[in-house]
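The values are calculated or read from the model by the stated rules, or taken from the named source; none is laboratory data. From a predicted model like this one, the values you see are computed outputs, not experimental measurements. When we count neighbours, we look across all protein chains shown, and the Cβ atoms used for this are built from the backbone with ideal geometry, even at glycine.
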Amino acid sequence: MQQEPDPSPTPEDEVIRKTEINRLRRAIEAMPEPFREAIVLRELEDLSYAEIGEVTGVPIGTVMSRLSRGRSILAQELLPSAKSSDEASRSAS
Amino acid sequence: MPACEDRSLLIGGLIDGELDAANTVTIEAHIARCDNCREELERLQSIRNLLSNEGMRHQAPDLLHRRIAALPELQPKAANTNRIPGWLAPGIGGALAASLALVAFVGPMQQQQAMDAQLVSSHVRSLQPGHLMDVQTTNQHIVKPWFNGKIDFAPPVPELADRGFPLAGGRLDSINGRTVAVIVYRRRLHVVNVFAWPAASERSRLSVVDGFAVAEWDDDGLAFAAVSDIPADELRQFKALYRSRSNLAPPTGS
């Protein structure tokens, strides 16, 4: 078990947290519609694939590919490491 | 694209706990061998972690909420276990890890956690096709007598349909090697399992294990544990309803 210190958040922490949330929201808002819808339903509303399919009126396979594409878009936007690992794999090949 | 092209959908499915057993085994075996796909899994998981931030919840627009609310009754969600293979994330190993912990070292805390993990894993198991109910009826006067002769105690089966928790049925289950009664309720698309067994531990708590809310309480020499994937607040409400209606229920013949 890891011991986790639990200091109460400073105003600075709070600002950082809010900035982070704004960054996430902007990234989601910037996504093209079908991908954003799938991501919001899955990640923020916790719907299953079947339920997302029902809400959006598409087959489960389409739900899966939209989620996959949506997550790729978000990863590119939000994870700085994505680019460097791409380059690493390119130089390795 | 770092991940193998034909695997990326399956990796997503694994993250979401949406794969069947065969596909889960296949993709886990592949990830164990393929560095690129393992990286992809970690990438997807970090995206999920970012989005699970508290401040990000409740972002779905009203229109979407209304469309969700208008959904017809669907099948209960498939088991959401095994989102991440244990070897990748020991901290999220879940029910299995906690069950192993019971064998490895049994302290009071571990016992409690192991108990919760058993309840959750039993709940998850119950959601698999054909496992949920031994007796399937919305009538409390059928569920209650059904337990007679199968167990040596009589759990209350209050009617809660008017408060949004219709009775679905009952079954026998085994927790800690002991036979327990399970009364099954529904909440919209979700299932609430109420486990009951004779015990007097005088505890009352609400915890969240692997994303499942677990509410425990004691009444009249029986221990109860309600498990569901509905929000913890709703389960607390369910617990209060169940307790108040149990006490109001007229005594039956036995």
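Under the condition of being surrounded by 15 or more Cβ atoms within 10 Å (Cβ to Cβ) and of a type in the set (Gly, Ala, Ser), the residues counted in the range B:119-175 number 7. Checking each residue in the range B:148-195 for being more than 15 Å from B:LYS239 (Cα to Cα), small (Gly, Ala, Ser) and not in a loop (DSSP other than H, G, I, E, B) picks out B:ALA168, B:GLY169, B:GLY170, B:SER174, B:ALA181. Against the test of being among the acidic types (Asp, Glu), facing chain B (nearest Cβ under 7 Å) and either closer than 17 Å to B:GLY13 by Cα or crowded, with 16+ Cβ neighbours inside 10 Å (or both), the options A:GLU45, A:GLU37 yield a single qualifying residue, A:GLU45. Is it the case that B:ARG245 is under 24 Å from B:ARG125 (Cα atoms) and not hydroxyl-bearing (Ser, Thr, Tyr)? So B:ARG245 fails the test.
Of all the criteria given as (1) part of a helix (DSSP H, G or I); (2) at pLDDT below 85, the one not satisfied by B:THR138 is (1).
Residues considered: B:LEU14, B:LEU64, B:LEU9, B:LEU71. Of these, the only one that is facing chain A (nearest Cβ under 10 Å) and modelled with pLDDT of 85 or more is B:LEU9. Entry remark, the range A:52-77: residues being modelled with pLDDT under 85 and within 7 Å of another protein chain (Cβ to nearest Cβ) number 2 in total.
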